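Enquirer: The structure's right below; bear with me while I get my questions together.
The values are calculated or read from the model by the stated rules, or taken from the named source; none is laboratory data. The shown structure was predicted, so the numbers you read here are calculated from the model rather than taken from an experiment. Every residue, glycine as well, gets a Cβ built from its backbone with ideal geometry; the counts of neighbours run over all protein chains shown. Note: areas computed on protein heavy atoms with side chains; ligands, DNA, RNA excluded. Shrake-Rupley method; radii C 1.70, N 1.55, O 1.52, S 1.80 Å.
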Amino acid sequence: QVQLVESGGGLVQPGGSLRLSCAASGSIFSICTMGWYRQAPGKQRELVAAITSGGSTNYADSVKGRFTISRDNAKNTVFLQMNSLKPEDTAVYYCNLRIIVAFSTTPGGYWGQGTQVTVSS
């Protein structure tokens, strides 16, 4: 019914940049909050950044000033621009979208498949 496709992960040196994308398709009526989470080996999944339908954003303290979340509502896509990457940013990154599907009135949570980000020299 709804599919999310992530792209943009990879291997980058410390101090480098990456841009993640997550595009949603299917029977979508509207998308509420869009967010990015990450999970490092042996750790719990944590919220990295989120953006509401009105454009308000919030970030984990560890990425403030380095990461920027944005959305393109016309394309049902959320982005995460990651600058000044550090080895501790290494993780699998997942997008999470709160979507109201066609003929529904309540949003459901949908996860992307995950994309690996590795920061290493």
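Enquirer: Which condition from (1) modelled with pLDDT of 95 or more; (2) over 16 Å from TYR94 (Cβ atoms) is the one that PHE29 breaks?
Expert: (1) is the only condition that PHE29 fails.
Enquirer: Considering only segment 100-117, state which residues are out of contact with any helix residue (DSSP H, G or I) (no Cβ under 9 Å at 6 or more places or on another chain) and surrounded by 15 or more Cβ atoms within 10 Å (Cβ to Cβ). Lay out the reasoning, then the answer.
Expert: The initial filter retains those residues of segment 100-117 that are out of contact with any helix residue (DSSP H, G or I) (no Cβ under 9 Å at 6 or more places or on another chain), namely 100-116.
Within segment 100-117, ILE100, VAL101, PRO107, TYR110, GLY112, GLY114, THR115 qualify.
Enquirer: Just to be sure, is ASN83 open to solvent by 40 Å² or more (accessible area, probe 1.4 Å) and either without any contact (Cβ under 8 Å) to a residue 40 or more places away in the chain or under 24 Å from GLN13 (Cβ atoms) (or both)?
Expert: Numbers: open to solvent by 40 Å² or more (accessible area, probe 1.4 Å): yes; either without any contact (Cβ under 8 Å) to a residue 40 or more places away in the chain or under 24 Å from GLN13 (Cβ atoms) (or both): yes.
So ASN83 fits the description; yes.
Enquirer: Okay, moving on. Can you confirm whether GLY55 is under 19 Å from VAL2 (Cα atoms) and without any contact (Cβ under 8 Å) to a residue 40 or more places away in the chain?
Expert: Values: under 19 Å from VAL2 (Cα atoms): no; without any contact (Cβ under 8 Å) to a residue 40 or more places away in the chain: yes.
No; evaluated as a whole, the condition is false for this residue.
Enquirer: Of the numbered conditions (1) farther than 17 Å from LEU4 by Cβ; (2) in contact with a Phe, Trp or Tyr (Cβ under 7 Å, 6 or more places away or on another chain), SER84 fails exactly one; give the number of that condition.
Expert: Condition not satisfied by SER84: (2).
Enquirer: Do you know which residues across segment 60-75 are of a type outside the set (Val, Ile, Thr), part of a strand (DSSP E or B) and either surrounded by fewer than 18 Cβ atoms within 10 Å (Cβ to Cβ) or touching a Cys at 6+ places or on another chain (Cβ under 7 Å) (or both)?
Expert: As a first pass, look at segment 60-75 and keep what is of a type outside the set (Val, Ile, Thr): 60-62, 64-67, 70-75.
Checking which are part of a strand (DSSP E or B) leaves us with 67, 70-72.
If the condition is that a residue be of a type outside the set (Val, Ile, Thr), part of a strand (DSSP E or B) and either surrounded by fewer than 18 Cβ atoms within 10 Å (Cβ to Cβ) or touching a Cys at 6+ places or on another chain (Cβ under 7 Å) (or both), then SER70, ASP72 are the ones that fit.
Enquirer: Identify the residue in segment 34-59 that is surrounded by fewer than 19 Cβ atoms within 10 Å (Cβ to Cβ) and assigned to a strand (DSSP E or B) and, among all such residues, is nearest to the chain's Cα centre (by Cα).
Expert: LEU47
Enquirer: If the requirement is being surrounded by 15 or more Cβ atoms within 10 Å (Cβ to Cβ) and at pLDDT 95 or above, which of these qualifies: LEU97, LEU11? Walk me through it before giving the result.
Expert: On the way: LEU11 fails: surrounded by 15 or more Cβ atoms within 10 Å (Cβ to Cβ).
Checking each option against the conditions leaves just LEU97.
Enquirer: Only one of VAL78, VAL92, VAL2 is open to solvent by less than 70 Å² (accessible area, probe 1.4 Å) and within 17 Å of SER120 (Cα to Cα); which? Lay out the reasoning, then the answer.
Expert: Details: VAL78 fails: within 17 Å of SER120 (Cα to Cα); VAL2 fails: within 17 Å of SER120 (Cα to Cα).
It is VAL92.
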